[in-house]
């Protein structure tokens, strides 16, 4: 049973913090060193100073990025830079965006609220990707220091009739939105619904529904770890039993998944000829031309109509479309892979090309020893052209129904199998566990 609650969000006070666009950020795991520097320059109150703070040569257990984050949070609250809403609410959150490489404007509708943390075994919240230990350890230290959640977990729910969206839109009609555009041109619109009747309809409608994590697996598992830590210490902290989420309907026309490409580097003895020979054990190989990016995307999408397909690129004159061989017995080739996963491009890429052909084992994949994950097609190809990589393996997006069905079946995909676009901004709302009567 999914328990959804309104809460008193901690939000930026424009009278003290200035323009919202100068203080909000992309999610912590998307903040590069260049972005961190830019965010720091934008404002002394930019959230990057808390969620992606700068390390110092003199850092110690008593003074480090986590203690500085906690100090900044306390100072900003005391100064009125961050203020709590006066009453619990749920927050309609809409995003208007253009998919990279396209021209059509899309609108994705969701809302921010709290949800009670549930172990995966309870089969209320389902993961769709595997996670890594490093990011969870980092986020746990930040959570322990600040006792606050600054980013939202992106949660999918199923509501074919749009019941939840209608309840929110009716209650929030005519009310003003906070609005900000990010560095990628996405416009983010935040509203506030404190109407008990509307909140009741929303929470009741979601009570019996399954939830699938679209983005934020590491943050969710960090929140679970912190909850369990509080319990183990004999502190049954009610606020630690919940985490902040953005709920988005999986049937929404505004839901977009982009592929995350794999770029191979530093592989001893890599040979395009040997790679081609190995790949042809599993795939039909078709030489291709990659100069026209739009035609490449169209050809890759078309190739997938008959089954798993991907593209490979190793520099000028070395490019191919790979279609899974029609007669290949995947049950025999991948006996330890669940049937629902065997025909997904990303699974076939990992298990057949990375492991069987390139000999990059699962541990090396987890540690990212010989591969990088790249969203932009041009960047993936550019890393090969510049000599930073030996091979780019290009994917189609994973369909949302495949994400949903495999998650409910308990069959997580490899990490970075999906890129839900655009990202949810951090800083529009925060969940402060020490907020008096904050829930």
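Nothing in this text is a laboratory measurement; each read-out follows from the coordinates by a stated rule. It should be emphasised that the depicted structure is a prediction, and the values quoted were computed from it without experimental measurement. Here the Cβ positions follow ideal geometry from the backbone for every residue, glycine too, while neighbour counts run over all protein chains shown.
Quick notes on this one:
- Paired Rg and Dmax values of the range 327-439, which use every Cα atom, in angstrom: 18.3, 63
- Fraction of antiparallel bridges per DSSP, the chain only, in percent to nearest 5: 90
- Note on residue 119 and residue 137: the model spin-label points, each 7 Å out from Cα along the C-beta direction, lie 2.4 nm apart.
- Taking a point 7 Å out from the Cα of residue 127 in the direction of its Cβ, the residues of the range 356-375 whose backbone N falls within less than 16 Å of it are 363, 366-367.
- Added length on full extension, which subtracts the Cα-Cα distance from 0.36 nm per residue, residue 87 to residue 281: 63.6 nm
- Cβ-based exposure ranking for 82, 328, in which fewest neighbours within 10 Å come first: 328, 82
- Point-to-point label distance, residue 378-residue 273, nm (Cα→Cβ direction, 7 Å offset): 3.5
- Paramagnetic reach from residue 55 (point 7 Å along Cα→Cβ, amide N under 17 Å) across the range 133-168: 133-142
- Residue 316 paired with residue 401, simple spin-label distance in nm, labels 7 Å along Cα-to-beta-carbon: 4.4
- Gain in span if fully extended, residue 294 to residue 102, counting 0.36 nm per residue against the direct Cα distance: 68.1 nm
- Residue order, fewest to most beta carbons within 10 Å, for 404, 285: 285, 404
- 12 Å reach of a label modelled at residue 356, 7 Å along Cα-to-Cβ, counting backbone N of the range 262-284: 278-284
- Sorting 106, 38 by the number of Cβ atoms found within 10 Å of their own Cβ, with the fewest placed first, yields 38, 106.
- In degrees, nearest ten, helix 133-146 long axis to first principal axis of the chain (Cα): 10
- Angle between the chain longest axis and helix 65-79 axis [Cα atoms, degrees, rounded to 10]: 40
- Net length available on complete extension from residue 160 to residue 197 is 11.1 nm, with 0.36 nm assigned per residue and the Cα-Cα distance removed.
- Against the rule of thumb 2.2 N^0.38 Å, how large the Cα Rg of the range 260-396 comes out: 0.98
- Given (1) 22.7, 67; (2) 23.7, 75; (3) 21.8, 71, the label whose value is Rg and Dmax of the Cα atoms in Å derived from this model: (1)
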